Amino acid sequence: MHEALVCVRLRVSTPGSRLLDFLRAEPCAVQAWWIAADLDAMVRFAAPSRLLLQRAVADLGRRAGAEVVEVHSVLRPLDLSASLTASRDA
């Protein structure tokens, strides 16, 4: 499974509802958050192939009226269950 975290800024003329409608219909969209920063939303995408993942990200601009600010590929999750001592040694 390929995953990415995408920072999104909406175009000035794009309502937030358009992004929300796109994400609800996009099978690769796993989670999303409205962000109070220089961007409007952070979206987590997951897909079985990099090609599908790239298409979903590209569709943010074409179909959702968004500017993709940054795309961060997820390599692997961090293990947060380790002890505090082990975390300090890393």
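So the values come out like this:
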| quantity | calculated |
| --- | --- |
| Residue list for the stretch 31-58, restricted to those being part of a helix (DSSP H, G or I), charged (D, E, K, R) and over 11 Å from residue 3 (Cα atoms) | 55 |
| Cβ-Cβ under 6 Å pairs, at least 6 apart or on other chains, the stretch 5-33 side over 22 Å from residue 75 (Cβ atoms), far side part of a loop (DSSP other than H, G, I, E, B) | 9/39; 9/40; 10/40; 11/65; 14/65; 18/65 |
| Some residue of the stretch 10-23 being among the hydroxyl-bearing types (Ser, Thr, Tyr) and touching a helix residue (DSSP H, G or I) at 6+ places or on another chain (Cβ under 8 Å) | yes |
| Qualifying residue in the stretch 60-77 (condition: in contact with a helix residue (DSSP H, G or I) (Cβ under 6 Å, 6 or more places away or on another chain), among the basic types (Lys, Arg) and not in a strand (DSSP E or B)) | yes |
| Qualifying residue in the stretch 17-30 (condition: more than 12 Å from the chain's Cα centre (by Cα), at pLDDT 90 or above, assigned to a loop (DSSP other than H, G, I, E, B) and of a type in the set (S, T, N, Q)) | no |
| Some residue of the stretch 39-49 being free of Cβ contacts under 8 Å to residues at least 60 places away in the same chain, surrounded by 10 or more Cβ atoms within 10 Å (Cβ to Cβ) and in contact with an Asp or Glu (Cβ under 6 Å, 6 or more places away or on another chain) | yes |
| Positions within the stretch 13-38 being of a type in the set (Phe, Trp, Tyr) and surrounded by fewer than 14 Cβ atoms within 10 Å (Cβ to Cβ), in sequence order | 33, 34 |
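The values are calculated or read from the model by the stated rules, or taken from the named source; none is laboratory data. This is a predicted model, so every value here is computed, not measured. Here the Cβ is made from the backbone with ideal geometry for all residues, glycine too, and neighbour counts use every protein chain on show.
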